[in-house]
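Structure first, commentary second.
The values are calculated or read from the model by the stated rules, or taken from the named source; none is laboratory data. Just so it is clear, the model here is predicted, and its values are computed rather than measured. Ideal geometry is used to build each Cβ from the backbone, glycine not excepted, and the neighbour counts take in all protein chains shown. Surface accessibility is based on the protein's heavy atoms, side chains included, excluding ligands, DNA and RNA. Shrake-Rupley method; radii C 1.70, N 1.55, O 1.52, S 1.80 Å.
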Amino acid sequence: MTVAIKRTYKATFILDTRGREESIEQLIEKIQTEIAGLGVSVSGAENLGRRDFARQADKHVIAGNYAQYMLEGDAETPAKIKELFRLNKLVYRVLLQNV
């Protein structure tokens with residue numbers, strides 16, 4: 001019998017809110033619900049506000065809204081989250097750190 005080891009992760013999302021009518025809090029809640037759908041427990045979500053990018057990959061996107069989540073899941077959690085949000089137009093970038 002194998003026991004899955006739970007790991008703690010800090011996930012930082014940069015949100016592309018251009019053309020969106022929902023508030024930032026609603027978008028953060030929407031992402032939290034999608035993460036929880038993977039079987040990952042979300043212990044906290046924080047709105048870090050809008051920040052300008054130090055380097056711009058696209059001249060039309062000069063800033064983004066940052067959101068940070070504390071997650072607990074197995075070793076496959078980072079791969080699952082990156083795959084889930086890979087084609088999502090709301091999420092500009094995802095950074096996952098093992099805490």
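Points to keep in mind about this one:
- Of all accessible heavy-atom area on the chain, the percent that carbon and sulfur account for (1.4 Å): 48
- Dipole magnitude for the chain: computed about the Cα centre from +1 point charges on Lys and Arg Cβ and -1 point charges on Asp and Glu Cβ, it is near 360 debye.
- Computed over the chain, the ratio Rg/Rh where both radii use C-alpha atoms and Rh is Kirkwood: 1.00
- Modelled this way, with points 7 Å down the Cα-to-C-beta line, the labels at residue 76 and residue 60 are 3.7 nm from one another.
- Debye log10 I(q)/I(0) for segment 1-57, one point scatterer per Cα, at q = 0.14, 0.17, 0.31 Å⁻¹: -0.53, -0.72, -1.43
- Whole-angstrom Cα spans of segment 57-99 along principal axes, big to small: 37, 20, 15
- Take the Cβ atoms of residue 26 and residue 53, set R0 to 30 Å, and the FRET efficiency comes out at 0.80.
- Computed over the chain with a Gaussian network model linking Cα atoms closer than 10 Å, the most mobile of 65, 47, 88 is 88.
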